[in-house]
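Taking it in order: structure first as structure tokens, then the write-up.
None of the figures in this text is laboratory data; all of them are computed from the coordinates on show. Quantities reported herein were computed from a predicted structural model and do not represent experimental measurements. Every residue, glycine among them, receives a Cβ derived from its backbone with ideal geometry; neighbour counts consider all protein chains shown.
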Amino acid sequence: MGHQMFEYDGKLANEVYEYCRDRLTHPVPLDFGSLSTDPLPSLEGLIRPEGNDAEEILEFFKHRLAQHVVSIDSPGFLAFIPNAPTKNSLFFDMVVACSGLNGTSWLESAGVVIAENQALEFLADMAGMPKGSGGAFVSGGSMGNLSSLTVGRDLGRAKHPELLPHEVRFAISDDAHSSIGKALHVLGIEALIVEADDHRFTRANLESALANDPHPDSVVGVVATSGTTNAGIIDDVEGLGSFAREHDLWFHVDGAYGGAALFSPTHRHLLAGIRHADSFIVDPHKWLFAPLDCCALVYRNPAVARKVLAQQASYLDVLHGSDDENYEWNPSDFAIHLSRRARGLPFWFSLVTNGVRAYESAVQAAIDLAARTVTIIDEMDHVELVRESSLSIVLYRRIGWEPYQYNAWSQKLLRDQIAFVTPTKWEGETVARLAFLHPDTSEALVRQILESMRD
Ligand SMILES: Cc1ncc(COP(=O)(O)O)c(C=O)c1O
């Protein structure tokens, strides 16, 4: 007899499958997050020497804990950047969970690595990056950005021995995602923060910032965003990328959210400049319909990244022990991580089974809904656009509202289980923001949300 913790409990298994089946077959409830009128239950005493009955605790989760969560995969979740995993990606996430996969190394998981790499290569190819580009799936955009900027920083230091280590800098726009600033902070270097024209970072902005900077040679890299989190704006990736190539600067493209527009027949041309990138990220857990947590991190020259990031230890030598190029493809070598979930597999399975065309139509659906929302807003007299929508994000104002009214309205929408929409700030003003992503979000829901702002 094995250890009691490893015994199979058929009854519990059925309860768990039933719960999962229920979630996967019925419309996803929005639920209430911290706004639930039920108080949060006490967990006191649950962790104890004897353990508890598992079915009871599952029931406790279903009825007392889960409603205190806003379901990010609901078509009514339009705040921040939502997450809309396909059914197939969720099925496969369960397969991954039960398969004992460690996606760290070729030695342990070659079969996983080739599947993940197929998905990475597909994305790199769509982005116009050369054959041989590659990397790894990491936990999220923040980790992807940090890993890439670490490589760029080290290369920059090597190219500029005349500078002190902390003197190398990256040029970023003031609309870059907060994780870029945080990565530079962690790396102990500073940013040349470039003011962008109308929030879109262009080559001309960069050239003028460098011309007015006392130490332009200390800038060793440039970060472009496609598109920005708050407004979906796609930087001048082409101009910034060509400038970086001409001046031998590390060029990173943060496409955590908007990189998915590579699948959009109407918008992919705006991302053509990614072909210049030394590194590029896109989060399948955002707009490529995979479950959290999953970011695709791709380098133009993976060998350079490996040199900076691979961990060396005597017990790991066996992972690096062959000249065979494939043998050495350890996903752990390409980011700041070692042990890793094979988190690219649910995305891979979804892409392979649904096909590229389905991905194209699902991405396009959100862009088209954003465009229709603009028209609806134009027709209404109590709301107005703050700026033209970009990708799948719409910023608009309720004419005459103060910030507290946006907050009260946002909470009421959630309490009424209509949608989860949170305000943002645009140029200092509190405004409403709709982030579309789920292809099942309907125009009728958009109208209902806008109508709810009349009172
Ligand atoms: C443009 C951009 N970069 C980076 C991130 C950070 O990604 P993550 O939350 O996966 O760490 C986000 C998140 O919304 C983003 O929109």
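Annotation for the stretch 178-225: GluC sites (Glu not before Pro) lying in DSSP loop with at most 12 further Cβ atoms inside 10 Å of their Cβ are GLU195. In terms of packing, defined here as the mean over residues of other Cβ atoms within 10 angstrom, the peptides 360-366, 6-12 line up highest first as 360-366, 6-12.
Beta-bridge orientation, the chain: approximately 60 percent antiparallel, per DSSP, counting only bridges with both partners inside.
Computed over the alpha-carbon atoms, the stretch 357-451 gives an Rg to Rh ratio of 0.96, Rh here being the Kirkwood radius from the mean inverse distance.
Amide H to amide H, with H built 1.01 Å from N, PHE251 comes under 5 Å of VAL222, ASP278, SER279, counting only residues 5 or more places away or on other chains.
Expressed in units of 2.2 N^0.38 Å, where N is the residue count, the Cα radius of gyration of the stretch 284-369 is 1.39. Cα convex hull, the stretch 335-400: 149 Å³ per residue, rounded to a whole number. All C-alpha pair distances within the stretch 1-131, sorted into 10 Å bins from zero, spread as 9, 25, 31, 24, 9, 2 percent across the bins.
Taking amide hydrogens as placed 1.01 Å from N in the peptide plane, the amide H of GLU190 sits under 5 Å from those of PHE170, each at least 5 positions away in sequence or on another chain.
For the set LYS182/LYS412; LYS62/LYS87; LYS182/LYS425; LYS87/LYS131, the pairs lying more than 22 angstrom apart at their alpha carbons are LYS182/LYS412; LYS87/LYS131. No solvent, one uniform scatterer per C-alpha: report log10 I(q)/I(0) for the stretch 94-355 via the Debye equation at q = 0.08 1/Å, two decimals. At q = 0.08 Å⁻¹ the computed log10 ratios are -0.30.
Expressed in units of 2.2 N^0.38 Å, where N is the residue count, the Cα radius of gyration of the stretch 4-71 is 1.29.
Residue-normalised convex hull volume from the C-alpha trace of the chain: 181 Å³ per residue.
For the stretch 154-163, the Karplus equation 6.51 cos²θ - 1.76 cosθ + 1.60, evaluated at θ = phi - 60°, returns couplings of 5, 5, x, 4, 5, 6, 10, x, 6, 8 Hz by residue, with Gly and Pro reported as x.
Can you list the chymotrypsin sites (Phe, Trp or Tyr not before Pro) in the stretch 239-347 that are in a DSSP coil and have 15 or fewer other beta carbons within 10 angstrom? Loop-located and lightly packed - TYR327.
Computed on the stretch 357-451, with alpha-carbon pairs under 8 angstrom and 6+ residues apart, the relative contact order is 30 percent. With contacts taken as Cα pairs under 8 Å at a separation of at least 6 residues, the chain carries a relative contact order of 21 percent. Going toward the positive end of the dipole of the stretch 94-355, with +1 on Lys and Arg Cβ and -1 on Asp and Glu Cβ, which of GLY134, LEU149, LEU345 do you reach last? The listed residue farthest towards the positive side: LEU345.
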